[in-house]
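First up is the structure itself, then whatever we jot down about it.
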Amino acid sequence: MMNESSNNKSSDEAEKHVRRPHYSGRYPRRFEEKYKERNPEKYKDEIQHVIDKGNTPAGMHIPIMVNETLENLKIRPGMKGLDCTLGYGGHSTAFLKALNGQGHLVSTDIDPIEIKKTEARLRSQGFGEDLWTPVHASYVEIDRLAKEYGPFDFVMADLGVSSMQIDDPSRGFSWRADGPLDLRFDPEKGEPASERLRELSREELTELLVENADEPYAKDIAQAIIKTYRSAKTIDTTFALRDLIEQTVRSEKEVRSLPAEEQKEIVKKSCARVFQAIRIDVNSEFETLTEFIKKLPYALAPGGRVVILTFHSGEDRIVKKLLKEELREGLWTEIADSVIRPGKEECYRNPRAHSTKLRWAVR
């Protein structure tokens, strides 16, 4: 006969047990079903299979242009460095290995959810507090970070949104999966996109869609959004916004006359641009980037180097313009003459690398 403690133990184990999600077909389609992809340490073979197919595993981020970044940062043991966008930790891991146990790396991330996961992952790999410090902060705080941990010998900023944020429907970043229309990097601060859209006029929203994403149907999409809110309705979910964009774009005269497949492709591109434009506004990305670059030279030691990865033309224009201005002011000794792009092999392995542009500068 089992004693009382044994019965309690069995009861506790039963409560802790969680059934794995079931899915139809050979491979899971929904984010919640992809439990193997979201557990890379346990299912390494499955993860590698997904990567070999040219896909990014759910809840994971494949670092972009790591070799090119290392080549331009010229990291040596004993240096102090700053990774402004920790994300999944791919770049930080490469930097820590280059430091070879000597020096110090600070890694910041504005996302309170992902930074905890990444800290646990990198600590388990043996990167202790003497070598590595993760900080929940925006990279715009580089001046404060430099006073506390710098000046830095190298700085790297991988801009834009991470794969973990895109893939998780609960974060509301993607028009491809239904979830709350949020789009905030830090869901604990600011207001979600659904509330931000309510505050904008048609003119402001049109300008936002043009400036942040060059959306050709900006005026009509903006009008449709404003009309929805004026009718006492809300756009609370990603699918609600996606459907509104699709209805608006398909009603355009030049689109209606096209074959169904071409219409579908035009709608997809508009959805991607509109979500990008709203995300940039919700997170004040252009303003933050501008302030960051203006502070950047003063956070570096003499001879310090910086690498910045951008993912769309708006970001790259800001980086290019400000670095050139600062070069003329004597704040840099050298900057990249042109952008560096990822190679064909990397783009094949990781399609999300296609739009990446790398720029560098030397203090």
### Query
Taking residue 251, is it out of contact with any helix residue (DSSP H, G or I) (no Cβ under 7 Å at 6 or more places or on another chain), exposed (fewer than 14 other Cβ atoms within 10 Å of the Cβ) and touching a residue at least 40 places away in the same chain (Cβ under 8 Å)?
no
### Selected residue (only one of 70, 131 is under 20 Å from residue 356 (Cα atoms) and surrounded by fewer than 20 Cβ atoms within 10 Å (Cβ to Cβ))
70
### Query
Quick check: anything in the range 113-132 under 21 Å from residue 190 (Cβ atoms), in contact with a Gly (Cβ under 8 Å, 6 or more places away or on another chain), touching a residue at least 40 places away in the same chain (Cβ under 8 Å) and not β-branched (Val, Ile, Thr)?
yes
### Query
Taking the range 312-334, which residues are over 25 Å from the mean Cα position of the chain (by Cα) and not polar (S, T, N, Q)?
324, 325, 326, 327, 328, 329, 330, 331, 332, 334
## Note on the structure
Selection from the range 311-363 of residues in a helix (DSSP H, G or I), out of contact with any strand residue (DSSP E or B) (no Cβ under 9 Å at 6 or more places or on another chain), open to solvent by less than 30 Å² (accessible area, probe 1.4 Å) and under 20 Å from residue 71 (Cβ atoms) yields 346, 347, 353
### Task
Might you check whether a residue that is assigned to a loop (DSSP other than H, G, I, E, B), open to solvent by 10 Å² or more (accessible area, probe 1.4 Å) and β-branched (Val, Ile, Thr) occurs anywhere in the range 90-105?
no
### Message
Going residue by residue through the range 265-284, is there one that turns out to be among the basic types (Lys, Arg), touching a Pro at 6+ places or on another chain (Cβ under 9 Å) and buried (at least 20 other Cβ atoms within 10 Å of the Cβ)?
### Response
yes
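The values are calculated or read from the model by the stated rules, or taken from the named source; none is laboratory data. As the structure is a computational prediction, the values presented were derived from the model and not from experiment. Because the Cβ atoms are built from the backbone with ideal geometry, glycine has one as well, and the counts that use them run over all protein chains shown. What goes into the accessible areas is simple: the full protein's heavy atoms, side chains included, and nothing from ligands, DNA or RNA. Shrake-Rupley method; radii C 1.70, N 1.55, O 1.52, S 1.80 Å.
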